[in-house]
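These notes are about the structure you will find just below.
The values are calculated or read from the model by the stated rules, or taken from the named source; none is laboratory data. The structure displayed is predicted, hence computed values, not measured ones. Note that we place each Cβ from the backbone using ideal geometry, even for glycine, and neighbour counts take in every protein chain shown.
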């Protein structure tokens, strides 16, 4: 085990002990089997009593949610989900991760297949018509990724001539955002169900660029060293939120409270540093949650 991993493990242990102490009132009365108390009938109570949290997240995004064969997903979104589980008094090993690509994020909530969705999920008014959001917990920005030898694409305006193809993911905000720059959407926009397929298409010269949020592309660039690069700078703002079932205001407020606590107690910064922070070492600017 490396020294860095040792420190990371120690930090997690310290955080868990601190949270456990807070949950028990922080006194010296010794061990207790008491769990946290939540309002009767609330989603928080039900999850706490079930001792299980179902999390919809992505399995293909380095830094935010990446699952390797035989393992569990790892990344910033996964750590945010763990923070929520901790505040629900649910152990990490009781979290069930459900692969949730962009195209089904609303459906898994509506069909009760997950309890929350933490999956680089941009908050939009259209999505808020069918589900609710806590957060945001991070503000990303859409950009473009190309192969390192591509000098023709310098930003979204490069697609206005109608000759270049760009890849994104079905039902994603970036796919919608890029449309305004395309001369012929049918010919220029290539959609898959996950970004890894877009990366493969780019490396095989089947598309000229991939577009999504900068932090997602940063992970692919870092894991494909000397092959991929950014083209231009971010041209949107994408506030990432945590999806919950429509109308569950109490649960949304609880998650917002949890996020705000994580901004203050250091757990948010730790989560970033040892996941997406490996590709972007700067600590993100803390967003203000939207309690709509």
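Run down 229, 271, 234 and say which single residue is assigned to a strand (DSSP E or B) and either farther than 22 Å from residue 209 by Cβ or in contact (Cβ under 8 Å) with a residue 24 or more places away in the chain (or both). Walk me through how you get there before you give the answer.
Values: 271 fails: assigned to a strand (DSSP E or B); 234 fails: assigned to a strand (DSSP E or B).
Being assigned to a strand (DSSP E or B) and either farther than 22 Å from residue 209 by Cβ or in contact (Cβ under 8 Å) with a residue 24 or more places away in the chain (or both) holds for just one of 229, 271, 234, which is 229.
Within the range 113-148, which residues are outside any helix (DSSP H, G or I) and out of contact with any strand residue (DSSP E or B) (no Cβ under 8 Å at 6 or more places or on another chain)?
To start, the set of residues in the range 113-148 that are outside any helix (DSSP H, G or I) comprises 113-126, 130-148.
Matches in the range 113-148: 124, 125, 126, 130.
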Condition first: assigned by TED's automatic domain parsing to the domain that holds residue 267, surrounded by 23 or more Cβ atoms within 10 Å (Cβ to Cβ) and under 22 Å from residue 191 (Cβ atoms). Can you find one or more residues in the range 39-56 that meet it? yes
What residue, of 154, 147, is outside the structural domain of residue 102 (by TED's automatic domain parsing), out of contact with any helix residue (DSSP H, G or I) (no Cβ under 9 Å at 6 or more places or on another chain) and in contact (Cβ under 8 Å) with a residue 12 or more places away in the chain? 154
Residue 103 passes all but one of (1) outside any helix (DSSP H, G or I); (2) closer than 17 Å to residue 198 by Cβ; which number fails? (1)
Given (1) in a helix (DSSP H, G or I); (2) surrounded by fewer than 23 Cβ atoms within 10 Å (Cβ to Cβ); (3) over 17 Å from the mean Cα position of the chain (by Cα), residue 154 misses just (1)
Considering 274, 240, 292, which residue is surrounded by 22 or more Cβ atoms within 10 Å (Cβ to Cβ) and either touching a strand residue (DSSP E or B) at 6+ places or on another chain (Cβ under 9 Å) or in the same structural domain as residue 130 (by TED's automatic domain parsing) (or both)? 240
Given (1) loosely packed, with under 10 Cβ neighbours inside 10 Å; (2) at pLDDT 50 or above, number of the condition residue 29 does not satisfy: (2)
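If I filter the range 83-100 down to residues being in contact with a helix residue (DSSP H, G or I) (Cβ under 7 Å, 6 or more places away or on another chain) and assigned to a helix (DSSP H, G or I), which single residue comes out as farthest from residue 265 (Cα to Cα)? If you could, list the steps in order and put the result at the bottom.
Of the residues in the range 83-100, the ones in contact with a helix residue (DSSP H, G or I) (Cβ under 7 Å, 6 or more places away or on another chain) are 83-90, 92, 95, 98, 100.
Next, from what is left, pick out any that are assigned to a helix (DSSP H, G or I): 83-87, 92.
Working: 83: 11, 84: 13, 85: 16, 86: 13, 87: 13, 92: 19 Å.
Among residues in the range 83-100 that are in contact with a helix residue (DSSP H, G or I) (Cβ under 7 Å, 6 or more places away or on another chain) and assigned to a helix (DSSP H, G or I), the one farthest from residue 265 (Cα to Cα) is 92.
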In the range 166-199, how many are farther than 21 Å from residue 154 by Cα, in a helix (DSSP H, G or I) and either in contact with a strand residue (DSSP E or B) (Cβ under 9 Å, 6 or more places away or on another chain) or in contact (Cβ under 8 Å) with a residue 60 or more places away in the chain (or both)? 2
